[in-house]
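Engineer: One structure coming up, written as structure tokens, with questions to follow.
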Amino acid sequence: MFDKYSLVQRLQELPFSKEEYWVVAGGAMVLHGFRLQTQDIDLGCSTSLADRLEQQGYAVTYCEDGTRKILYKRHLILASRIAQPVMPFIRFLGKI
């Protein structure tokens, strides 16, 4: 389970540019204070990040709508073609 602190800590460890991914689903609800915890971290990501991860051999599942779901690590899933939010994740880093 990830609370707000452990979620942000895990995100800060990612080797990706913060401009290439954004938090969605339960993780976004935790960051916004609507939930206390989430079981996993779902991220939307840029097409270029999805391409790089696929080229590096990460497991990719293709959905009917063309979305790629990429299992990056246990409890951490990235999906391409997910709408990017208005407020990027980086603004949350100072609000823990």
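Engineer: Yes or no: the stretch 44-63 includes at least one residue that is open to solvent by 30 Å² or more (accessible area, probe 1.4 Å), part of a loop (DSSP other than H, G, I, E, B) and among the charged types (D, E, K, R).
Structural biologist: Checking the stretch 44-63: not a single residue is open to solvent by 30 Å² or more (accessible area, probe 1.4 Å), part of a loop (DSSP other than H, G, I, E, B) and among the charged types (D, E, K, R).
Engineer: Return the residues of the stretch 33-43 that are under 15 Å from ARG74 (Cβ atoms) and either among the aromatic types (Phe, Trp, Tyr) or surrounded by 21 or more Cβ atoms within 10 Å (Cβ to Cβ) (or both); say none if nothing qualifies. Before you say what the answer is, go through the steps one by one.
Structural biologist: Our first condition is that a residue be under 15 Å from ARG74 (Cβ atoms); within the stretch 33-43, this holds for 38-43.
Across the stretch 33-43, the qualifying residues are THR38, ILE41, LEU43.
Engineer: Looking only at the stretch 68-84, filter to residues that are in contact with a Ser or Thr (Cβ under 6 Å, 6 or more places away or on another chain) and open to solvent by less than 90 Å² (accessible area, probe 1.4 Å); which one of those is farthest from GLU13 (Cα to Cα)?
Structural biologist: Step one: list which residues in the stretch 68-84 are in contact with a Ser or Thr (Cβ under 6 Å, 6 or more places away or on another chain), which gives 68-69, 79-81.
Then drop every residue that is not open to solvent by less than 90 Å² (accessible area, probe 1.4 Å), which leaves 68, 79-80.
Details: ARG68: 22, ALA79: 18, SER80: 20 Å.
Ranking the candidates gives ARG68 first.
Engineer: Keeping to the stretch 3-32, report how many residues are without any contact (Cβ under 8 Å) to a residue 24 or more places away in the chain and either in a helix (DSSP H, G or I) or more than 16 Å from TYR72 (Cβ to Cβ) (or both).
Structural biologist: 6
Engineer: State all residues of the stretch 1-17 that are under 11 Å from the mean Cα position of the chain (by Cα) and open to solvent by 60 Å² or more (accessible area, probe 1.4 Å); if no residue qualifies, say none.
Structural biologist: Passing the criteria: only ARG10.
Engineer: Somewhere in the stretch 34-42, is a residue modelled with pLDDT under 95, among the acidic types (Asp, Glu) and not in a loop (DSSP other than H, G, I, E, B)?
Structural biologist: yes
The values are calculated or read from the model by the stated rules, or taken from the named source; none is laboratory data. Note that the structure is a prediction, hence the values are computed from the model and not measured. A quick note on method: Cβ atoms are made from the backbone with ideal geometry, for glycine too, and the neighbour counts reach across all protein chains shown. The accessibility values were calculated without ligands, DNA or RNA, using every heavy atom of the protein model including side chains. Shrake-Rupley method; radii C 1.70, N 1.55, O 1.52, S 1.80 Å.
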